[in-house]
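**Student:** Take this structure, written in structure tokens, and hold onto it; I'll ask about it next.
The values are calculated or read from the model by the stated rules, or taken from the named source; none is laboratory data. Everything quoted here is computed from the prediction, not taken from an experiment. Note: ideal-geometry Cβ built from the backbone for every residue, glycine included; neighbour counts use all protein chains shown.
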């Protein structure tokens, strides 16, 4: 069972489809219900994972492996090394990684059974020690096809495209491959962060998961992205750069400041993914903070849906208003914050409040969102100052302090004003 699943489509939107009298297609309602149940099945265990990650280092050994060799099996590396339409540089890198993997296994076996590794007479005195191969410095991307199989145990599926391979006929696979690369390239260039774990972890994606599955998610146990094809309202998840940025950022959050997936810290967890997802989208489209639309999942809604995106960071609560699944319920201010037991305490619902604060700060700084506001949010998350049970006001304090460190009193004033405007204020 997966440790946690974050899905880009919020549960209240899916629930709206299931309960809507305006949706007459029972088969479609059943697909939406299945998607909702799938999310609910994993969300409770997601809390367990972030609770584990928030514990002292010594007590979270069971949180899951993160080494590069545990991510890409040798059979995939062999496929890359032998594939004729993979460029020679990548093939050579894969061959080196295979040699390194085998060397690690060999050393491990010697520890377990040294008597089987005795040196032959006359060899040790004359043979020169062979230098140990090192793993390559880069990461590999690989895209698989689930062929509409809904069983997570069958992931990742059949390999479609691997690192260094030219585009294939499956455009969804190409979109997943290209957009994962863009996300990781952004983290490297803007924050000097290497892949997901800062250790060049390889990234696997699976497309065509289940039938008419209207969601996309990051599966941390299998360390991979999973994309459904969508149906009548939602689709093209692999084509939305901000969606992939959002999901992969949940994995990055695990390696920076794990936020418990409940209540306000859970909403901040979702907020961080939206922040970095939107910055990646704006960087790719070369949009300034002032000129950008600040829409998350803009390309996921089918043309006949009355809406523009899954969420709006600029104006939370205005992304959609369709009789078939309701109106966007996100509040834009703490004035409308009400404790709830739904959605793990409103992790998707109330992420709109800090989202708008980031939007306001970005516009106030001017220029591109990742130049100043993004640097503040990144340093806050990677500095160790964000507690696992962080509240909105605590996060506001940390980002304000970091803004002063980076940009002086004026920077701190901009960030504090942004938080004040959404009602996240310090009581004196």
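**Student:** Output the number of residues of the stretch 225-238 satisfying the condition of being at pLDDT 85 or above and surrounded by fewer than 21 Cβ atoms within 10 Å (Cβ to Cβ).
**Tutor:** Looking only at that region, the number is 2.
**Student:** Could you please tell me which pairs satisfy a Cβ distance under 7 Å, a separation of 6+ or placement on different chains, a first residue in the stretch 199-214 that is in the same structural domain as residue 173 (by TED's automatic domain parsing) and in a strand (DSSP E or B), and a second residue that is modelled with pLDDT under 90 and buried (at least 24 other Cβ atoms within 10 Å of the Cβ)?
**Tutor:** none
**Student:** Quick check on residue 281: is it in the same structural domain as residue 187 (by TED's automatic domain parsing) and within 20 Å of residue 374 (Cα to Cα)? Steps first, please.
**Tutor:** Numbers: in the same structural domain as residue 187 (by TED's automatic domain parsing): yes; within 20 Å of residue 374 (Cα to Cα): yes.
Judged against the criteria, residue 281 is a match.
**Student:** When you look at residue 225, is it in contact with a helix residue (DSSP H, G or I) (Cβ under 7 Å, 6 or more places away or on another chain), touching a residue at least 12 places away in the same chain (Cβ under 8 Å) and part of a strand (DSSP E or B), yes or no? Lay out the reasoning, then the answer.
**Tutor:** On the way: in contact with a helix residue (DSSP H, G or I) (Cβ under 7 Å, 6 or more places away or on another chain): yes; touching a residue at least 12 places away in the same chain (Cβ under 8 Å): yes; part of a strand (DSSP E or B): yes.
Here the answer is yes, as residue 225 does meet what is asked.
**Student:** Checking the conditions here, which among 388, 362 is buried (at least 23 other Cβ atoms within 10 Å of the Cβ) and either within 21 Å of residue 296 (Cα to Cα) or within 22 Å of the chain's Cα centre (by Cα) (or both)? Steps first, please.
**Tutor:** Details: 388 fails: buried (at least 23 other Cβ atoms within 10 Å of the Cβ).
From the options 388, 362, the qualifying one is 362.
**Student:** Any residue in the stretch 164-177 that's at positive phi: show its pairings with residues that are in a loop (DSSP other than H, G, I, E, B) and modelled with pLDDT under 95 at Cβ separation under 6 Å, as long as the two are six or more apart or on different chains.
**Tutor:** Between residues of the stretch 164-177 that are at positive phi and residues that are in a loop (DSSP other than H, G, I, E, B) and modelled with pLDDT under 95, the close pairs are 164/87.
**Student:** Out of the stretch 365-379, which residues are surrounded by fewer than 24 Cβ atoms within 10 Å (Cβ to Cβ) and within 20 Å of residue 254 (Cβ to Cβ)?
**Tutor:** 378, 379, listed by residue number.
**Student:** Show me the helices (runs of 4 or more DSSP H) entirely contained within the stretch 316-417 in which 1 or more residues are under 30 Å from residue 15 (Cβ atoms), modelled with pLDDT under 95 and out of contact with any strand residue (DSSP E or B) (no Cβ under 6 Å at 6 or more places or on another chain). I'd like the intermediate steps shown before the answer.
**Tutor:** Values: elements: 343-346, 352-365, 373-382.
By residue number, 343-346.
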